[in-house]
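Before any comments, here is the structure.
The values are calculated or read from the model by the stated rules, or taken from the named source; none is laboratory data. The structure displayed is predicted, hence computed values, not measured ones. Quick reminder, even Gly has a Cβ in these numbers, built from the backbone with ideal geometry, and neighbours come from all protein chains shown. Surface accessibility is based on the protein's heavy atoms, side chains included, excluding ligands, DNA and RNA. Shrake-Rupley method; radii C 1.70, N 1.55, O 1.52, S 1.80 Å.
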Amino acid sequence: MSLIDTLKRFGITTGLAAAAAAKASALVLRGERVSAVVVPTPIGLRIEIPVERTWLSEGFSCSSVRKFSGDNPDVLDGAEIVACVKASHETSVIGGKGVGKVEGSWVRGTNGYAISEGAHRLILMALEEVGGNYTVIVEVPGGEELASKTMNPSVGVTGGISILGTTGVEWPVSDEEYTEHVKAEICQEIATFGKVVIAPGNVSYEWARRTYGHAVKVGDRVGDALEIARERNASSLTLVSLPGKLTKLAAGMLNTHSKYGDCRVDVLTRISVLLNIPLEKVAKVASSRSVAESLYHLDRDEVRSVMLEVCRRVLKVVKTVFPGKVKVVALNEAGTEVIAEVED
């Protein structure tokens, strides 16, 4: 096998595709002809993305970009992401046909649409490079049909797909070979600091890196990361995560990929009962479609109590693999603050 055969292809998120389409549309509106655009990302990379087509429609300049998922299995690979823009007194971003709407206030979005804060930021960054203010409408042809193949209907997003992306880059984090990348980073952390900080996703990773000065993003492969840390004799391990991954870990799922199951709401329901939370609230937790929706039905103190118990359970699970000193940190859904933490 050659070196080329072992390289993994990274992709772009729906958010970065929308940002590229928005920038292309703004450039066309300014009179330029474009076949590709270079868009910035929060991680310092500038990525050139082909523009499939451009056109004018009812006063809007429109462009489309194909989402590319790299070596990640993804039903959205190749999906057409469209952004239509027109000049405005201030920039605003809304969803159009094929972009999901958020049903509950527990689902974060932009102007009622399933456009994440990260994706919204990517679009604004791309437009800032053109200059001016715009009304932006993001659409996904066939998005409603595509959404039926995703988890959107089960988390309170209806009518289309979500436009997502914190970094804009889609890492092949669930691929088997990603474990080797994680191993290399953990070994480097231990060699440098003697200890290791791990986080499953982009949001928790960025928080951990800002807080501790170093961290390793491990994706769904938390169990593999724990084994590597044990084999390399790390003095301590800190796990930072949003509530969703932690509830799976609390049930013993050391690989948190959705293909291995989803016990999150069941875990939160059981813990809510054990903590004597009022039964009417427990019923709402039990009927929820996501962790975010479950926690929405609890008040601030109840959320902290539930997540503290989740952290305790995660600590026990982690200790079955990694015998050293362990700390578990639960962030809120936005990844902006700690809602619970435990350590041994």
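Couple of notes before you dig in:
- Spatially proximal lysines relative to Lys149 (Cα-Cα < 27 Å; intrachain offsets below 8 disregarded): Lys8, Lys67, Lys97, Lys101, Lys217, Lys245, Lys248, Lys259, Lys284
- GNM remark for the chain: springs join alpha carbons under 10 Å apart, and the peak mean-square fluctuation among Ala184, Ala114, Ala83 falls on Ala184.
- Element breakdown for region 192-298 at a 1.4 angstrom probe: carbon and sulfur atoms account for 49% of the accessible area.
- 10 Å Cβ shell holding at most 12 others, DSSP loop, GluC sites (Glu not before Pro): longest site-free stretch of the chain: 178-336
- Secondary-structure-derived ellipticity at 222 nm for the chain, considering helices only, amounts to -11000 deg cm²/dmol, per-run term -39500 (n - 2.57) for DSSP H runs with n ≥ 4.
- Candidates Gly156, Gly324, Gly132: whichever shows maximal mean-square fluctuation once the chain is modelled as a Gaussian network with Cα springs under 10 Å: Gly132
- By the Cβ rule of 4.7 Å, the chain holds the following cysteines without a possible disulfide partner: Cys187, Cys263, Cys311.
- Cleavage-rule hits (trypsin sites (Lys or Arg not before Pro)) in region 1-101: DSSP loop, at most 11 neighbouring Cβ within 10 angstrom: Arg9, Arg33
- GNM top mover of Thr179, Thr166, Thr192 - the chain, alpha-carbon springs below 10 Å: Thr192
- Whether region 1-157 is rounded, prolate or oblate, judged on the alpha carbon gyration tensor where a/c under 1.5 counts as rounded: oblate
- For the chain, the antiparallel share of DSSP beta bridges with both residues in that region comes to about 65%.
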